[in-house]
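Undergrad: The structure follows.
Please treat every number below as a calculation from the coordinates, not as lab data. Quick caveat, the model's predicted, so the values are computed rather than measured. Counting neighbours? That spans all protein chains shown, and the Cβs are built from the backbone with ideal geometry, glycine included.
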Amino acid sequence: MIEPRRETPLDLGTGSQKTKLGSSPVTEITGLGFLNLRVKPNDVARFEALAEAAGLATALAAPLAVNTFASAVDQSLFWLGPDERLLVLPHASLVKVESALTHSTAVPSAVTDVASGYTIIGLAAQFADEIVRSSCPYDVAKLTGNRCAQTLLGKAQVLLWKLDASRYRILVRRSYAGYCYQRLTDAARQWAS
C-alpha cells in the first residue's frame, strides 16, 4: 500500500533547486498549520474565550495592535486586519485546535483552515536586511519587536516579520513560494559574493 506523504509548496515547485543549493540561507519552514480567524475587533473577552477554547497560550489571548504579532512556545498570532487574525501553529495540532474553535459557543467567530494555501520561508544571513530590501519596498528598519508587515516581495504579497538582526520569516501564498524562494536565493548569492 502506498503511504500518503505531505508535500510542501517548495517540494513541488523547487524541490530539485533546494537540493542543489545545499547550505542556502533561504529555507522553507515546514510542519506548520495556519488558521484564519475572524473575531469582533478589540473585544478582550472574545479573544480570551478564543484562546481558552483552543487551549492556546495566554500570551495569544489579548487583542493585537495594528501590524503586530504575539508568539508563545510554538504558536503565533498575527494581526491581518481589524477583525482578522492568522494563527500559526504546529500542523499536528491543527485539527484539534480548529475543532475546538469551531465548536466553541463562547466565541462567535469564523475559523478557516488555510494551511494548504501558505508556506513560510525563512531567511538567515549576515546581510538579511539588504537581501530583503533588494525585493521589498517596505522599510525593514520598522520591523522591531513584535512588528510585522503585509507588503510585497517582488510582485508577491507577503507577511514579513523579523526574528532578530539576521533572521526573517516570510509567509507567502503557495503559488508564489517558488518565485519568492528564488528571488531571495538570488539576492543572497549576490550579497554572499
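Undergrad: Which FRET efficiency value, to the nearest 0.05, is calculated for residue 130 and residue 157 with the Förster distance at 30 angstrom and r the Cβ-Cβ distance?
TA: About 0.90, to the nearest 0.05.
Undergrad: Please work out how much length the chain gains when fully extended from residue 175 to residue 104, using 0.36 nm per residue of separation minus the C-alpha to C-alpha distance, in nm with one decimal.
TA: Difference between extended and current length: 22.3 nm.
Undergrad: OK, next. Give the residue from 188, 118, 99 lying farthest towards the positive end of the charge dipole for the range 47-193; charges sit on Cβ (+1 for Lys and Arg, -1 for Asp and Glu) and the dipole is referred to the Cα centre.
TA: 188
Undergrad: Can you give the convex hull volume of the alpha carbon atoms of the range 95-153 per residue, in Å³?
TA: Values: hull volume 8.8 nm³, N = 59.
Spread over its residues, the Cα hull of the range 95-153 gives 149 Å³ apiece.
Undergrad: What is the extension gain from residue 96 to residue 139, computed as 0.36 nm multiplied by their sequence separation minus the C-alpha to C-alpha distance, in nm to one decimal?
TA: 11.7 nm
Undergrad: Taking 0.36 nm per residue of separation and subtracting the Cα-Cα distance, what length does fully extending residue 166 through residue 40 add?
TA: Length gained, residue 166 through residue 40: 41.8 nm.
Undergrad: Under the Kirkwood approximation for Rh and a Cα-based Rg, what ratio Rg/Rh is obtained for the range 90-193?
TA: Result for the range 90-193 is an Rg/Rh of 1.07.
Undergrad: Between residue 193 and residue 150, with labels modelled 7 Å along Cα→Cβ, what's the label distance in nm to one decimal, could you check?
TA: 3.7
Undergrad: Which value, in debye to the nearest 20, gives the size of the charge dipole of the range 145-193 about its Cα centre, when Lys and Arg are +1 and Asp and Glu are -1 at the Cβ?
TA: 120
Undergrad: Could I ask something else about it? Nearest 20 debye, what's the magnitude of the dipole of the range 44-193 about its Cα centre given +1 on Lys and Arg Cβ and -1 on Asp and Glu Cβ?
TA: Roughly 420 debye for the range 44-193.
Undergrad: Return the sequence-ordered ³J(HN,Hα) values of the range 68-85 in whole Hz as given by the Karplus equation 6.51 cos²θ - 1.76 cosθ + 1.60 applied to θ = phi - 60°, using x for Gly and Pro.
TA: Those phi angles translate into 10, 9, 10, 10, 8, 6, 10, 10, 9, 10, 10, 7, 10, x, x, 10, 10, 10 Hz.
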